[in-house]
Amino acid sequence: MNPEPSNHAENAQSRFEHDLVSRIALEAIAEQRRSRRWGIFFKLLLALYVLVFLLIYLPPDWDGRAVIGEKHTALIDIEGIIAAGSDASADNIVSGLRAAFEHKNTAGVILRINSPGGSPVQAGYVSDEIKRLRGLHPDIPVFAVITDIAASGGYYIAAAADEIYANKASIVGSIGVVMSSFGFVDAIDKLGIERRLMYAGENKGFLDPFSPLQADDVEHVNQLLDDVYRQFIDVVKTGRGPRLKEDEKVFSGLVWTGEQSLELGLVDSLGSASFVAREIIGVEEIVDFTRRQTFLERFEKQLQAVFGAAMAKFELR
């Protein structure tokens, strides 16, 4: 028998398999190259998108905003709850104040306030810094302009300004201090819940909402509130001086409209930020010195929040 036909078939089959493997390998290499090119393309596209986003939404630096050849009115917004970590934190407000006062072209500073209040400590930091900067730069006046509301801590800050302006419908005042909580003693009794509170230190568990209210605790807290309240009154009286009308209701915690506040001496006149810049300071050009979170700072906070939420859901089983 002649084996050549069989060998020929086997050789043909071998060449076919070899060619097939080669084509598959070459195709795989080509696919990797295509994937790499598309990967590079999409990375560049993403980088371009981030760059454009930053250019549009990332606030420029103060120096970039305030490099102008003539005098300007510096504006600092105080928006929202005055609290550590918020946009209206003492750190943010004070940073803007210092940059505004230290700029050679600043003719006057406007604090545009729209805040229901917040931490007396944070408001106190800002008030003290305003007084310090006014002492260092006596030629730069400070004006507070109230938009919708300047209540409690918002007015605490406003009182440190040379003059206060408001809209006739603005809400002003709320000079007082409050601490609120809930009591669940009767509720847990009805539900058959046993409260287990363990602590070291005679008064460490005071004002526990699930325990009966104690007279000594109430007296202690009232002393704290009275102390902070006295500090608030002193700040307002010092800032407003003889302009403040002698009326016991002023320090009662009530709020007033801008028009009513004018009669009580809580504000000096009615007007907006642009009005104060143009008519009072005499420099219509306004430069915003508000310290706002950058895109990277906002992204970092969001990332921390997502990471914190993920960790909160993480369980060991």
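The values are calculated or read from the model by the stated rules, or taken from the named source; none is laboratory data. Since we're looking at a predicted model, the values are computed, not measured. Counting neighbours? That spans all protein chains shown, and the Cβs are built from the backbone with ideal geometry, glycine included.
Just one of the listed residues (Gly80, Gly85) is without any contact (Cβ under 8 Å) to a residue 12 or more places away in the chain, surrounded by fewer than 20 Cβ atoms within 10 Å (Cβ to Cβ) and under 14 Å from the mean Cα position of the chain (by Cα), and it is Gly85.
Gln223 fulfils the conditions (1) polar (S, T, N, Q); (2) surrounded by 13 or more Cβ atoms within 10 Å (Cβ to Cβ); (3) at pLDDT 90 or above except for a single criterion, (2).
Could you tell me whether Phe210 is assigned by TED's automatic domain parsing to the domain that holds Asp234, under 37 Å from the mean Cα position of the chain (by Cα) and surrounded by 10 or more Cβ atoms within 10 Å (Cβ to Cβ)?
On the way: assigned by TED's automatic domain parsing to the domain that holds Asp234: yes; under 37 Å from the mean Cα position of the chain (by Cα): yes; surrounded by 10 or more Cβ atoms within 10 Å (Cβ to Cβ): yes.
Yes, satisfied.
The residues of the stretch 241-258 that are over 28 Å from the mean Cα position of the chain (by Cα) and either assigned to a loop (DSSP other than H, G, I, E, B) or of a type in the set (Ser, Thr, Tyr) (or both), listed by number, are Leu244, Lys245, Glu246, Asp247, Ser252. In this entry, Leu48 is excluded by the filter for residues that are outside any helix (DSSP H, G or I) and modelled with pLDDT of 70 or more.
Of a type outside the set (Gly, Ala, Ser), surrounded by fewer than 20 Cβ atoms within 10 Å (Cβ to Cβ) and out of contact with any Leu (no Cβ under 9 Å at 6 or more places or on another chain), is that true of Arg98? No: the conditions fail for Arg98. Of the residues in the stretch 144-158, not one is under 23 Å from Tyr229 (Cα atoms) and surrounded by fewer than 19 Cβ atoms within 10 Å (Cβ to Cβ).
Evaluation of Ala200 against the conditions (1) exposed (fewer than 14 other Cβ atoms within 10 Å of the Cβ); (2) closer than 28 Å to Ala123 by Cβ shows that the sole unmet condition is (2). Within the stretch 259-289, the set of residues being assigned to a loop (DSSP other than H, G, I, E, B) and either crowded, with 19+ Cβ neighbours inside 10 Å or at positive phi (or both) comprises Gly265, Leu266, Val267, Asp268, Gly271, Gly282, Phe289. Under the condition of being crowded, with 16+ Cβ neighbours inside 10 Å and either free of Cβ contacts under 8 Å to residues at least 24 places away in the same chain or under 10 Å from Val172 (Cβ atoms) (or both), the residues counted in the stretch 238-258 number 5.
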